[in-house]
Structures are given as C-alpha cells and as structure tokens.
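Remarks on the structure that follows.
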Amino acid sequence: MSTPLESWVEESARLTKPSKIVWCDGSEAENDRFTEEMLRDGTFAELNQNTYPRCYLHRSNSNDVARTEGLTFICTRDRNAAGPTNNWMAPAEAKERVRPLFDGAMKGRTMYVVPYIMGPAQSPYSKIGVELTDSAYVAANMRIMSRMGKVALDRLGSSSDFVPGLHSLADLNPDRRFILHFPEENLIWSIGSGYGGNALLGKKCFALRIASWMAREQGWMAEHMLILGLEDPSGKVTYMAAAFPSACGKTNLAMMVSALEKEGYRVWTIGDDIAWMHIAADGTLRAINPEAGFFGVAPGTNAKTNPNVISAVHSNTIFTNVAMTPGREPWWEGMDSDAPKGLINWRGEQWTPAMGPAAHPNSRYTVPAAQSTSLSSHWEDPAGVPISALIFGGRRARLAPLVYESHDWQHGVFVGATMASETTAAATGAVGVTRRDPMAMLPFCGYNMADYFAHWLSIGPRLKNAPKIFHVNWFRRSAEGKFLWPGYGENVRALKWMLERIEGRAAATETPIGCVPTPESLSLDGLSIPPATLAELLRVNSSDWAEEEQSVGEFFKQFGDRLPAPLRQEHQALAARLSRAAVASS
Ligand code: SAT
Ligand code: MN
C-alpha cells in the first residue's frame, strides 16, 4: 500500500513525466551533490570560496525577477470567497487551463520531492508541506528556508496531513505562468517561474495564502509579520510582531543592532517575514516563525543598515541576481563599497553605469537564520513567544507620523486595515505608487479580505491581555524630499517608546488618529534632530488626514456589505474626530 504522499508523487510524475525522481533528505551530502550539479549546468556560479565559503550566485531569467501578482490566483468554488482584492478562477477551470501546461513539463528533467516543515520541528503549531519541483535551485532554497528532508518525512509518517505543492519551471514564459492556490483542498500549483515567492511554495503560497485560510477556520492567525524581542536594561524581553509590505525593512528591523545598546536595549530576532500566532491556554497571543532562513532584499544592505546580516551572508548563502566583482564577491547598490572596476551585472554582462543598477533592485540573499548573531535563544520555542505589541507600517513620504498608538484592539484593526504604502520592486509593476495594503497582506491573504478583517476583529476579545496596536512610518520626508528620521538602528527609539506605553510609563498626545509621542517621551540622546524636524515627524496634519479618510471610504466600498460594521464605525469615528479637530483649529 502506498502512502498518500507516494500516491500523489506518482500521480504528479505521470502528468509531468520527469526522467528521474529524487526524494530529498536535506542532508549535507545531498546539498553538496545538488550544488555540484548546479555549478555544472550553470544554475549556480561559484563565489569566492575563501571570503564567501559555500556561497553561490544564481542569475534568474530576466523576465522572472519578482512576484507576479497579476498571475497569482485564489481558486475557490465561490468567487466571493476570494473577494475583490484577489484574482479568482474556479477550481475546475483553473485545473483545465493549467494541467496541459504541466503535461510533460518535466520531460528530460529531475523531479525533486521536497518534504518540509513550516515551524520548529517540535512545535504543535508547525505544519508540513511537500513541494515537487524540477528546480534544484528551489530545492536548495527550501533547505535553507524550512526544516527540509528527513525531519519532515519522519514527522509526516503515512499521514495525509500535508500541503501538496506542484512546481515546474516549464518554459519560464510569463504567458504561461500561473501561481494557483486551492485553499478548499490545501493545494498549490505553480508553473513558469523560478522566483522566490512564486516558486518557494512554503513561503507566501503556503505559510500565508493557504495558512491564512486554515487560520480562519481554526481560530489562529497567519500574518506577513516579523517577530522580534526587545530586551530592556533589566534583561526582560518584550516580543513584538510587525507587518510591513515587501521590501519595506522587515528584515532590517528584525535583525537590528540597537542604537541604545549602551543603555541596555537590544533587539533579538525570531523571524523576519511571517508569523503564525495562536491564542494560548493562558490567553496570550503566541507567535512562531514558520521559516528557518531569511530571503532578504540585498540592495541597500550594508554595515550600517544591517550589520548582522552582512556577517551572516559570508557563508552558506545563495545570492540571486546580485552583481559580482572581479574577485568573485557579491556586490549590490548601497553596499559599503563603490562599484569596483570590472563588475559583472546581475544579467552576467560586463557592467557600465549607463546600464542602470548592477544588481537587480529585487536581488536577494537566502541565508540560514541560525547564522545571525541577533537570533533569539527562543526562536524555536515550540510554544512560540508571547506577543505584547503588533505594529503596522509602510512607506509614506507624507502623512503618517513616526509612530502612533491605536485606542484599542478594534481601532487597531482599523489602522491595519487601512494602511497604505508606496510600492517597491518586490513585485512586478510600477514602483513608488501609494496603494492600500491592509496588514501588508494584500498580495497574500488567501480569502475575502472583508472576512479577514472580521477574523482579526474576533481575535482581540478572545485574548486576556490583547497586544497594543501601533503604526510606524520610518519613511516620512521633508518638503525637499529628505528623510526626516535616520531609521535602521535608531528605530529602537520608537520600539522603546512602545515598550514604555505597554508598561504605562511613556507620555503621549491624543490626536484624531491615535496617541502620538510627546517630543520629550522619545529617547533621542545622541541624535541631533532639530526640534522643528521632530515636530514635523510627529505632526498629524488634519487636512491631509481628511483626504486620507476620504480615500479609505473609497477603498472600503469594494467590500460592500461584507465589510464588518465595526470598521465602518471606526471610519465614521475618525471622520468625526478629524472634523472636530478642524473646527477647533479654525
Ligand atoms: O515574495 S517573496 O517571498 O519572494 C519576497 C517578498 O515579496 O516578500
Ligand atoms: Mn515578505
């Protein structure tokens, strides 16, 4: 008798017709073998093995460098289950359309069976997935990003309790590229792309889109959030989870070297991208990081913005679409050094400045979490860490102050549901356009976002001490376009204010949007921020916010009656507070 996994592998092999099937065990020896094969067939270029031992460079097809949201679908029987913010296809239609593309797609190639655990191997909250892929690069990345191989097969046994994901590079043609999710049967199909979020199916496809659906059914949360611990001078650690859209600094915040280290404030990393959060028996919200590595944006990463990752990526790291120096070291824009002579760009060509960026703006490193010196000793706690603060944020050149606190859980959900950010290179399409990205989940919520808001609203009342909900904006600019806040390690100052709000110690000013720090309540020693700049950073401009309030109304319209009433109430309450403030100031 074959197990459910064996049957599915056989069935998928009959469809895709690989010449060989390799079951991955996740071992060092196996990884060495894959590496050799990839060096031989050009999937990998070897980096300098003296300065970057066991580090390799992968150059992807130039049409395949970011997530393709337009080709990503939620396939549910009822269209409304996917909601207005997702692309939708009926499951039968999706399969009819895409099955022929899988037919024979692996001919002459190897099918890798990649079993993996999302979450610590021993955690009751962890879940198993199996990805079938014809990309050794995907298998090698999955080995870093999850607990991959024997450990997963051992945990699975003969059970059918795993999320199957079928992936093929096929011909990498965007016209035949589909990233399909079937949440009603926990199934993922991805074809035509080898890029991160499209192809590493444990990450966005499973740990966010499929898991968000499971989480609603089972009463927990799957969120696009980093998890960090802030240690205070007494040694006490307070855990926080923060949602920012892709390429808005989650990794850098989670791995930060604190500017207040001398004062005793340190940041410990639990995760940099995804949080699975459960309500524990004691009423706390407990978070695990389902991943085991970081798939971070390279450009802009340097010894100032993220020293921890700079040292971590010096071994066992896969670089994707970065540039390479003549000494075969990785290079990208915003690294500490200027572009050296003889640089090879991400396409593998001799680079000249006229050619534009040498590293692709969405180039990435894949590094084991365990290599970061900032990693918390609790990062694999099976029960997760207790969360005291939830933070939303994005890139807003104007509008949002450095940090503010919502009034309560319901208002905090409104703040998350209405957050917006300027788009980045992490997805294909225009960069720098402001779009609403609720909870940073717009591209990752596997069901109707109105129902997702309702799910969020239902969680707070079930918690004993619901986390406080904050909003941050590191990206506010002056009229001249200069950043007002130094960011990076200095962001700990905002975290410290949040910690003191949680403990009831820091002062704040009530504004129509929430509580903003008083200038004195922020620890700014050692920073020379002129009082006028600080005032601008913390300012809540009522007429800008009145415009924002209008645009929120437009955004909410698409959800019709499905939008939970409490969010409508919060919207009206905001409008009322803003008009009272306008009357008071006129
Ligand atoms: O989608 S990826 O996981 O490749 C990166 C991101 O956009 O967050
Ligand atoms: Mn992400």
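A few notes on this one:
- Taking a ≥ b ≥ c as the square roots of the eigenvalues of the alpha carbon gyration tensor, the range 71-203 is oblate, as a/c is not under 1.5 and a/b does not beat b/c.
- Bridge orientation summary for the chain: considering DSSP beta bridges with both residues in this region, about 65 percent are antiparallel.
- Cα gyration tensor shape for the range 324-404, rounded if a/c is under 1.5, else prolate or oblate: oblate
- The trypsin sites (Lys or Arg not before Pro) of the range 186-274 meeting both criteria, a DSSP state outside H, G, I, E and B (loop) and at most 16 other C-beta atoms within 10 angstrom of the site's C-beta, are LYS236, LYS262.
- Counting only protein heavy atoms and a probe of 1.4 Å, the accessible surface of the range 81-227 is 45% carbon and sulfur.
- Simple point charges give the picture: +1 on the Cβ of Lys and Arg, -1 on the Cβ of Asp and Glu, and for the chain a dipole about the Cα centre of about 460 debye.
- Segment ASP561-ASP103, extension gain: residue separation times 0.36 nm, minus the distance between their alpha carbons: 160.7 nm
- Solvent exposure of the chain as accessible area per residue, Å², 1.4 Å probe: 38 Å²
- Straight-line cross-link partners of LYS17 among the lysines, defined as a Cα under 23 Å from its Cα and at least 8 positions apart when in the same chain: LYS95, LYS107.
- Applying a threshold of 29 Å to the alpha-carbon distances of LYS262/LYS341; LYS236/LYS304; LYS204/LYS236; LYS482/LYS557; LYS304/LYS341; LYS127/LYS250 flags LYS262/LYS341; LYS204/LYS236; LYS482/LYS557 as lying beyond it.
- Percent of Cα pairs exceeding the 42 Å cut-off, where the set is the chain: 19 percent
- Virtual spin-label span in nm between ASP25 and ASN48, 7 Å along Cα→Cβ: 3.6 nm
- Cα gyration tensor shape of the range 294-371, rounded if a/c is under 1.5, else prolate or oblate by comparing a/b with b/c: prolate
- Length gained on full extension, SER521 to LYS17, computed as 0.36 nm times the residue gap minus the Cα-Cα distance: 175.0 nm.
- Loop GluC sites (Glu not before Pro), the range 287-358 (other Cβ atoms within 10 Å of the site Cβ: 14 or fewer; DSSP): GLU349
- Coordinate range along principal axes, alpha carbons of the range 363-508, Å, largest first: 45, 39, 38
- Kirkwood hydrodynamic radius of the range 535-586, from the reciprocal of the average inverse Cα-Cα distance over all distinct pairs: 12.1 Å.
- Compared with the dominant principal axis of the Cα atoms in the chain, helix 28-41 is inclined by about 80°.
- Most positive-pole-ward Cα, HIS360, ILE74, TRP220, against dipole of the chain from beta carbon charges: ILE74
- Neighbour cut-off at most 13 other Cβ (10 Å), DSSP loop, trypsin sites (Lys or Arg not before Pro), the range 283-356: LYS341
- Sites LEU39 and GLU96, calculated FRET efficiency, Cβ-Cβ separation with R0 41 Å, nearest 0.05: 0.55
- Segment ARG398-SER528, extension gain: residue separation times 0.36 nm, minus the distance between their alpha carbons: 44.6 nm
- Among 6-12, 436-442, the order from most to least packed when residues are scored by Cβ within 10 Å on average: 436-442, 6-12
- FRET efficiency for ASP336 and MET1, using Cβ-Cβ distance with R0 set to 60 Å, rounded to 0.05: 0.55
- Mean projection area, nm², convex hull over Cα of the range 461-586: 10.4 nm²
The values are calculated or read from the model by the stated rules, or taken from the named source; none is laboratory data. All of these numbers come straight from a predicted model, not from anything done at the bench. We place every Cβ from the backbone using ideal geometry, glycine too, and count neighbours over all the protein chains shown. Calculation scope for accessible area: heavy atoms of the full protein, side chains included, ligands and nucleic acids excluded. Shrake-Rupley method; radii C 1.70, N 1.55, O 1.52, S 1.80 Å.
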